[in-house]
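The values are calculated or read from the model by the stated rules, or taken from the named source; none is laboratory data. Model, not experiment: these values are computed from the prediction. Cβ sites come from the backbone with ideal geometry, for glycine too, and all protein chains shown count toward neighbours. Keep in mind that these areas ignore ligands, DNA and RNA; they rest on the heavy atoms of the full protein, side chains included. Shrake-Rupley method; radii C 1.70, N 1.55, O 1.52, S 1.80 Å.
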Amino acid sequence: MLKMKKTAFAVVATLLAATSAWSQDAMLNLYSARHYSTDEALYANFTKATGIKINRVDADDAGILARLKAEGAASPADVILLVDAARLWKGEVEGLFQPVKSKILEDAIPAPLRAKPASEGGTPWFGFSTRARVIVYDKIKVQRADVDTYEKLADPVNKGKLCIRSGSHPYNLSLFGSMVEHLGPARTEAWLKGLVDNMARPPKGGDTDQIKGVASGECGIGVTNSYYLARLMRSSNPQDRAIAEKVGVVFPNQASWGTHVNIAGGAVARHAKNPANAVKFLEYLASADAQNYFANGNNEWPAAKGVKLSNPALQAMTGGSFKSETLPISAVGMNQVKVQQMLDRVGFK
Ligand code: FE
């Protein structure tokens, strides 16, 4: 009896040791909110270079944060990739990430694009690419000067022209949260009411649908992340390129605080079972090669210092460069609850 027990224990122990050795050495569990096909090559290259196999779980930002919370200490997640600064901030304040100490990451990622170091001295999350929230417009029916700031989207001159996705989508919540910093809460709520009054249709679809709405003539003005327009510009499908050619693009607020910029970024999960592999993966994302897939592959701007942008669509859109806003990301995150209440009050779906 005793012998059997001992044998069973030994088998279990051996299995555990084998599992743990295998997972320590060769495995990475990735929870990703990125929805870009070019990332596949990024993951394949990492596995090729390191031998570390990636298991990926795909969900949106909110779904990933909810899942991490529900799983708690039992979570298999090692690395978290999210596509919105406010959600990264939320994950940080909810204690879902563990601070990372890495000279490679600190040297590569500029301070404004990463979290402030936690008290333990590590950094809770890092941005790996940036995207601008831009305005597209009907070049025939709309004057560029009427849409060159976010404030003008609410101007009565644009009545019946605006198309925009749901106000509660993270991309909009972050833009509106930044407006609270620039305008204060009262003026921001009045501005949001102005957006509702100017809508050509109730909010629906994603950002690409707003660009298509402008190209089809249903909308005079749309709001979109820059990469959705760049994707149409660079598409192999002539119909996509025709859509992009029909619309003008504005990087708003160049004469004031600059265009709202969001980030996609990553963190190591609080209860990571393979933390060393997780850090290795984040460091890999900051390398020039990986930045090419991570940022350029999705028509975003690379976050890592010294990585050259070689994207014709982004060059064409900006004429080389543009002024982006400089705001503490934590402030944008903290405004989200306030913004959602404003949206409810003004009837912004
Ligand atoms: Fe997106």
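Considering only residues in the stretch 135-165 that are among the β-branched types (Val, Ile, Thr) and either in the same structural domain as residue 85 (by TED's automatic domain parsing) or out of contact with any strand residue (DSSP E or B) (no Cβ under 7 Å at 6 or more places or on another chain) (or both), the one that is most open to solvent (accessible area, probe 1.4 Å) turns out to be 140.
Of the helices (runs of 4 or more DSSP H) lying entirely inside the stretch 156-263, those containing at least 3 residues that are at pLDDT 95 or above, out of contact with any Asp or Glu (no Cβ under 9 Å at 6 or more places or on another chain) and under 19 Å from residue 312 (Cβ atoms) span 238-246. In the stretch 32-84, the residue that is farthest from residue 207 (Cα to Cα) out of those that are in a loop (DSSP other than H, G, I, E, B) and hydroxyl-bearing (Ser, Thr, Tyr) is 75. Taken together, 213, 206, 266 contain a single residue that is of a type in the set (Gly, Ala, Ser) and farther than 30 Å from residue 124 by Cα, which is 213. Does any residue of the stretch 68-75 turn out to be under 15 Å from residue 277 (Cα atoms), open to solvent by 30 Å² or more (accessible area, probe 1.4 Å) and basic (Lys, Arg)? Within the stretch 68-75 (the criterion being under 15 Å from residue 277 (Cα atoms), open to solvent by 30 Å² or more (accessible area, probe 1.4 Å) and basic (Lys, Arg)), the answer is no, since none of the residues qualifies. Scanning the stretch 175-199 for residues that are over 22 Å from the mean Cα position of the chain (by Cα), of a type outside the set (Phe, Trp, Tyr) and open to solvent by less than 40 Å² (accessible area, probe 1.4 Å) yields 183, 184, 188, 192, 194, 195, 196, 198, 199. Residues in the stretch 104-121 that are part of a loop (DSSP other than H, G, I, E, B) and either free of Cβ contacts under 8 Å to residues at least 40 places away in the same chain or open to solvent by less than 30 Å² (accessible area, probe 1.4 Å) (or both): 109, 115, 117, 118, 119, 120, 121.
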